[in-house]
Amino acid sequence: MIDFEYHSPTSLDEAFSLMDQYGDDAQVMSGGTALVLMMKQRLVQPGHVIGLRKIPVLSSIASDGDGAVRVGALCTQRQMETDPLVRQSLPLVADTYSKVATVRIRSMSTVGGGLVHGDPNQDPPPTLIALGASVVLSSKGGERVVPVEDLFIDYFETDVQSGEILTSVLIPQAPAGSGAVYTKFLPRTADDYATVSVAAIVDADESNNCRDVRIVLGASGVTPIRAKEAEALLRQRPLTEENIRASAAAVKEAVDPLDDFRGSADYKRQMAEVFTRRAVTQALSLGR
Ligand SMILES: Cc1cc2nc3c(=O)[nH]c(=O)nc-3n(C[C@H](O)[C@H](O)[C@H](O)COP(=O)(O)OP(=O)(O)OC[C@H]3O[C@@H](n4cnc5c(N)ncnc54)[C@H](O)[C@@H]3O)c2cc1C
């Protein structure tokens, strides 16, 4: 491990002035589950680590009107799985976070750290994008709000700029009566990263015509991918088995998976189709 100095600010202002003082030689840390590994592997070598844990304003979970929930960036992934408000208002979110790694990892890793890490294989981003969630990025100069859909730029690269801290995430509820699913294809072990994952939200009327649909894939490219073509093949159409199959087939064109030890790109492309079909079918059955 490299030598570094650890700072523990108790307010955002103090954190911003430390970031200002140490510039590129500083890295903020939340749970440390990703950062410490990267430091051990010498992928990053900050001289100053700014821990965010003692900043109380980052740790709240609260209603934000219309069923939406605002989550502080320092909330752990385990809190997202167990918090009563999240479980009641955002059951898809609680279920998705329960599928991240193991309880030990979830108890340390945070909502904000997970998003800024920008690993395309992570579980929460597809669900947060499907729900239309947004993040607040705060800096000395003010705040900006970025939809989670626009946060991921490239492989392990996000739109978070130097001097910015992700402070909260606003997560809207799924439409009333809709069905929502997060499926994670795990052919190896139960605590692995996904080989392919799909979040699907289906809002259908009484005759099973599709009012709206969101389909977002993880582990299927260098960022999470919203399958807009596949959505368009269902929106305002009957949700028949044939239409769902045609929509899922379109996903194969949208994804661009990487070859790795979890499977070849071609295998993952085929699994993206299979798991999209299953996710949409299951979401439809859970609605109303
Ligand atoms: C063994 C193992 C298994 C895993 N399996 C899974 C899995 O199955 N599914 C899954 O989704 N994830 C998995 N993960 C990844 C895990 O979810 C991430 O490591 C975690 O989310 C990172 O959160 P953290 O709070 O620990 O971030 P940190 O390690 O503290 O930080 C990560 C990065 O974000 C930056 N950062 C942190 N907080 C902020 C902030 N508020 N504002 C700006 N920048 C910030 C840091 O500088 C760093 O670059 C696994 C990790 C491990 C170690």
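The values are calculated or read from the model by the stated rules, or taken from the named source; none is laboratory data. Quantities reported herein were computed from a predicted structural model and do not represent experimental measurements. Cβ placement follows ideal geometry from the backbone for every residue including glycine, while neighbour counts extend to all protein chains displayed. Note: areas computed on protein heavy atoms with side chains; ligands, DNA, RNA excluded. Shrake-Rupley method; radii C 1.70, N 1.55, O 1.52, S 1.80 Å.
For this structure, a couple of remarks:
- Residue-averaged [θ]222 nm for the chain, counting only DSSP H segments that reach four residues, each worth -39500 (n - 2.57): -9500 deg cm²/dmol
- Evaluated on segment 54-105, the Kirkwood hydrodynamic radius is 11.4 Å, with distances taken between all distinct Cα atoms.
- GNM flexibility winner over the chain from Val216, Val49, Val181 (Cα, springs under 10 Å): Val49
- Percent of C-alpha pairs per 5 Å bin in segment 216-264, short distances first: 5, 22, 25, 19, 14, 9, 4, 1.
- The Rg/Rh ratio of segment 113-205, with both radii computed over alpha carbons and Rh defined as the Kirkwood radius, is 1.02.
- When you count the other C-beta atoms within 10 angstrom of each residue and take the mean per peptide, 240-246, 92-98 line up highest first as 92-98, 240-246.
- For the options Leu37, Leu258, Leu131, a Gaussian network treatment of the chain with springs between C-alpha atoms closer than 10 Å singles out Leu37 as fluctuating the most.
- For segment 81-87, backbone phi angles converted through the Karplus equation (6.51, -1.76, 1.60; θ = phi - 60°) give residue-by-residue couplings of 6, 10, 4, x, 5, 5, 4 Hz, Gly and Pro being listed as x.
- Partners of Lys54 within straight-line reach, counting lysines whose Cα lies under 23 Å from its Cα and excluding those fewer than 8 residues away in the same chain: Lys140.
- Cα-based Rg and Dmax for the chain, where Dmax is the largest Cα-Cα distance (Å): 19.3, 63
- Cα-based reach from Lys252 at 27 Å (exclusive), listing lysines while leaving out same-chain residues under 8 positions away: Lys99, Lys184, Lys228, Lys268
- Of the accessible area of the chain, computed with a 1.4 Å probe over protein heavy atoms only, carbon and sulfur atoms account for 48 percent.
- Distance cut-off 21 Å, percentage of C-alpha pairs in segment 11-158 lying past it: 44
- For segment 128-137, the Karplus equation 6.51 cos²θ - 1.76 cosθ + 1.60, evaluated at θ = phi - 60°, returns couplings of 5, 5, 4, 7, x, 6, 9, 10, 9, 10 Hz by residue, with Gly and Pro reported as x.
- Every pair of different Cα atoms in segment 237-277 enters the Kirkwood calculation, which places the hydrodynamic radius at 10.7 Å.
- Isotropically averaged projected area of segment 82-238, using the convex hull of Cα atoms (one quarter of hull area), nm²: 10.2
- When the P(r) is computed for segment 1-89, the part past 23 Å accounts for 36% of the Cα-Cα pairs.
- Taken per residue, the accessible surface of the chain reaches 46 Å², heavy atoms only and a 1.4 Å probe.
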